Every structure is written in C-alpha cells, then in structure tokens.
1. Give the residues of the stretch 66-93 that are aromatic (Phe, Trp, Tyr) and either part of a strand (DSSP E or B) or open to solvent by less than 40 Å² (accessible area, probe 1.4 Å) (or both), sorted by residue number.
2. Could you give every pair whose Cβ atoms fall below 8 Å, whose first residue belongs to the stretch 1-18 and is open to solvent by 40 Å² or more (accessible area, probe 1.4 Å), and whose second residue is in a loop (DSSP other than H, G, I, E, B) and of a type in the set (A, V, I, L, M, F, W, C), counting only separations of at least 6 or pairs across chains?
3. Quick check: anything in the stretch 100-118 out of contact with any strand residue (DSSP E or B) (no Cβ under 9 Å at 6 or more places or on another chain) and modelled with pLDDT of 95 or more?
4. Considering only the stretch 64-85, state which residues are at pLDDT 95 or above and hydroxyl-bearing (Ser, Thr, Tyr).
5. Taking the stretch 32-54, which residues are modelled with pLDDT of 95 or more and buried (at least 16 other Cβ atoms within 10 Å of the Cβ)?
Amino acid sequence: RCTGTVGLDSAPGCLRSGNNSMHAALNLAYHMGARNVCLLGLDMRIAPDGRTHWHDGHPVGRMRADTLRDKMLPYFDALAEALAEQGMRVVNASPGSAVRCWPVITHAEAFGRAPAREAA
C-alpha cells in the first residue's frame, strides 16, 4: 500500500513512492532486509535524444525536465536519510546521475574492480 511520497515507511506492507519506481523499490528493499544496495541506471535526466527510459517510455506522453526536478528528485534526500538511520548502505553507480544524496561510484567500483570513493 502506498502511504505517501516522502521518506521511508517501515510498516509492513507499506511503501512511500517518491513519485517513482526506484524510490518505492528502495523502500521495498528495506522491507526485505537489504543492507547494501547499488543503484544502476538511476540517472533521473532526459537524454539528449529526448529519451527518459531505457525502454520506449510511458504512454502518458513525454516526461518534462521539471517533473524530474520538482516531483521526483526532491524525495530522494529524505529517503536517503531514513535508510541511513536504519543502517542501509546505498551507493549510486549511475554515471551522470542527478541523484546526489548517495555516494557516486563508477561501474568498476560497483563490480569490485576499484575502491569506492565518497560522494562529491
């Protein structure tokens, strides 16, 4: 059950959405007991060719940059804080990601080929 957009819902069977599937998936990972999460493909940007997803996008129409900026990105900060308080470590291995609340690492670091570094 979706109980809102902001933060983390720790009640069993409940999720906060952040208006996007990655936010909800992180809340679900918390419920499933994940302690370490590596994000891949969380760029939260519109590509130069206008694409917003690796697939054909959503039938509702083209996503606008202000949708990402105003209705999705702001909710990650509260989630990051709540997950850290619960002991979940999250890193972002998405080159050029607009999400900056978790340490950004390279793919080599994510797959154990180089040491992780702190967020910029």
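The values are calculated or read from the model by the stated rules, or taken from the named source; none is laboratory data. Bear in mind the structure is a predicted one, so any value in this text is a computation, not a measurement. Cβ atoms come from the backbone with ideal geometry, glycine included; neighbour counts cover every protein chain shown. Each accessible area value is taken on the protein alone, full model and side chains, heavy atoms only, with ligands, DNA and RNA left out. Shrake-Rupley method; radii C 1.70, N 1.55, O 1.52, S 1.80 Å.
1. Initial filter on the stretch 66-93 (aromatic (Phe, Trp, Tyr)): 75-76.
Within the stretch 66-93, PHE76 is the sole residue that qualifies.
2. The qualifying pairs are ARG1/CYS14; CYS2/CYS14; THR3/ALA11; THR3/CYS14; ARG16/VAL6; ARG16/LEU8.
3. There is no residue in the stretch 100-118 that is out of contact with any strand residue (DSSP E or B) (no Cβ under 9 Å at 6 or more places or on another chain) and modelled with pLDDT of 95 or more.
4. TYR75
5. First, the residues of the stretch 32-54 that are modelled with pLDDT of 95 or more: 32-39.
Selection gives VAL37, CYS38, LEU39.
One line per residue, one yes/no per condition, for (1) touching an Asp or Glu at 6+ places or on another chain (Cβ under 7 Å); (2) under 20 Å from LYS71 (Cα atoms); (3) part of a helix (DSSP H, G or I):
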| residue | (1), (2), (3) |
| --- | --- |
| GLY13 | no, no, no |
| HIS23 | no, yes, yes |
| TYR30 | no, no, yes |
| GLY33 | no, no, no |
| ARG45 | no, yes, no |
| ARG51 | no, yes, no |
